[in-house]
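All remarks here apply to the structure that follows.
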Amino acid sequence: MISALDAAALANDPELAEALLRLNNDHAVELSLLEAAGLERLVAGAFVARRAGLADALLIVFDQNADYDSPNFLWFRDRYERFVYVDRVVTAVAVRGRGLAGQLYRDLVEQARAAGHQLIVCEVNSDPPNPGSAAFHRGFGFEPVGEARLPNGKTVSYLAYRIEAR
């Protein structure tokens with residue numbers, strides 16, 4: 001089941017906050033390491049924040065107006081006037097293959113469409129490679145729009161998904 005996530009939920013439910021922080025940090029190579037305050041800040045500023053189960057999957061997304069200084073987010077802001085940016089999407093290893101990321105993304109498409117957005121963007125690590133994420137995003141319909149080598153040594157592929165009008 002997909003549930004909305006907000007900063008109050010994290011502040012009021014230590015078990016939830018700890019579980020989501022562990023999920024994120026178990027995948028720090030693909031995402032980035034967070035402390036509790038950082039997770040709360042991301043969720044508080046999100047356009048969309050969702051989870052599946054207690055902490056089976058997590059999605060945090062910003063719109064173009066977010067107060068966020070990630071080099072990847074800023075790359076998109078320099079190139080696109082209006083978008084939603086997937087900062088992190090992660091599924092726990094034990095529940096992969098059950099379609100949770102797809103459910104989160106389908107929900108995101110509906111939320112973005114309802115807000116008048118036509119573009120969802122993200123980055124996927126290409127060095128070190130993240131073949132599971134690359135395959136998922138390609139299968140969902142994301143297309144490459146750029147590439148960058150980051151100060152931390154990672155190389156990322158920038159991807160975009162065009163939301164079809166109804």
L104 fails exactly one of (1) more than 14 Å from F47 (Cα to Cα); (2) under 17 Å from the mean Cα position of the chain (by Cα), namely (1)
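For every residue, the table says whether it meets (1) of a type in the set (D, E, K, R); (2) in contact with a Pro (Cβ under 6 Å, 6 or more places away or on another chain); (3) closer than 19 Å to F142 by Cα.
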site	(1), (2), (3)
L39	no, no, no
L42	no, no, no
G45	no, no, no
I60	no, no, yes
R77	yes, no, yes
T91	no, no, yes
Of the candidates A57, A46, the one satisfying the condition of being in contact with a Ser or Thr (Cβ under 8 Å, 6 or more places away or on another chain) and within 17 Å of A17 (Cβ to Cβ) is A57
Of the residues in region 56-82 that are touching a helix residue (DSSP H, G or I) at 6+ places or on another chain (Cβ under 7 Å) and buried (at least 20 other Cβ atoms within 10 Å of the Cβ), the one that is farthest from L119 (Cα to Cα) is A57
Q103 fails exactly one of (1) of a type outside the set (D, E, K, R); (2) within 22 Å of L33 (Cα to Cα); (3) in contact (Cβ under 8 Å) with a residue 40 or more places away in the chain, namely (2)
Over region 68-114, the set of residues touching a strand residue (DSSP E or B) at 6+ places or on another chain (Cβ under 6 Å), charged (D, E, K, R) and closer than 20 Å to A134 by Cβ is D87, R88
Considering region 1-29, residues that are over 17 Å from the mean Cα position of the chain (by Cα), aliphatic (A, V, I, L, M) and surrounded by fewer than 13 Cβ atoms within 10 Å (Cβ to Cβ), and then whichever is farthest from Y105 (Cα to Cα), we arrive at A8
Note to self: Just checking, does region 44-54 include any residue being surrounded by fewer than 17 Cβ atoms within 10 Å (Cβ to Cβ), out of contact with any helix residue (DSSP H, G or I) (no Cβ under 6 Å at 6 or more places or on another chain) and free of Cβ contacts under 8 Å to residues at least 24 places away in the same chain?
What the structure shows: no
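Do the conditions hold for A134, that is, is it outside any loop (DSSP other than H, G, I, E, B), touching a residue at least 40 places away in the same chain (Cβ under 8 Å) and either touching a His at 6+ places or on another chain (Cβ under 6 Å) or surrounded by 15 or more Cβ atoms within 10 Å (Cβ to Cβ) (or both)? Outline the logic, then answer.
Details: outside any loop (DSSP other than H, G, I, E, B): yes; touching a residue at least 40 places away in the same chain (Cβ under 8 Å): no; either touching a His at 6+ places or on another chain (Cβ under 6 Å) or surrounded by 15 or more Cβ atoms within 10 Å (Cβ to Cβ) (or both): yes.
No; evaluated as a whole, the condition is false for this residue.
Per-residue answers, yes or no, for (1) at pLDDT 95 or above; (2) within 18 Å of N152 (Cβ to Cβ):
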{"position": "A7", "(1), (2)": "no, no"}
{"position": "L16", "(1), (2)": "yes, no"}
{"position": "L20", "(1), (2)": "yes, no"}
{"position": "N25", "(1), (2)": "yes, yes"}
{"position": "V29", "(1), (2)": "no, yes"}
{"position": "A46", "(1), (2)": "yes, no"}
{"position": "R50", "(1), (2)": "yes, no"}
{"position": "R79", "(1), (2)": "yes, no"}
Exception for N125 within (1) of a type outside the set (D, E); (2) loosely packed, with under 14 Cβ neighbours inside 10 Å; (3) at pLDDT below 95 falls at (2)
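The values are calculated or read from the model by the stated rules, or taken from the named source; none is laboratory data. As the structure is a computational prediction, the values presented were derived from the model and not from experiment. Counting neighbours? That spans all protein chains shown, and the Cβs are built from the backbone with ideal geometry, glycine included.
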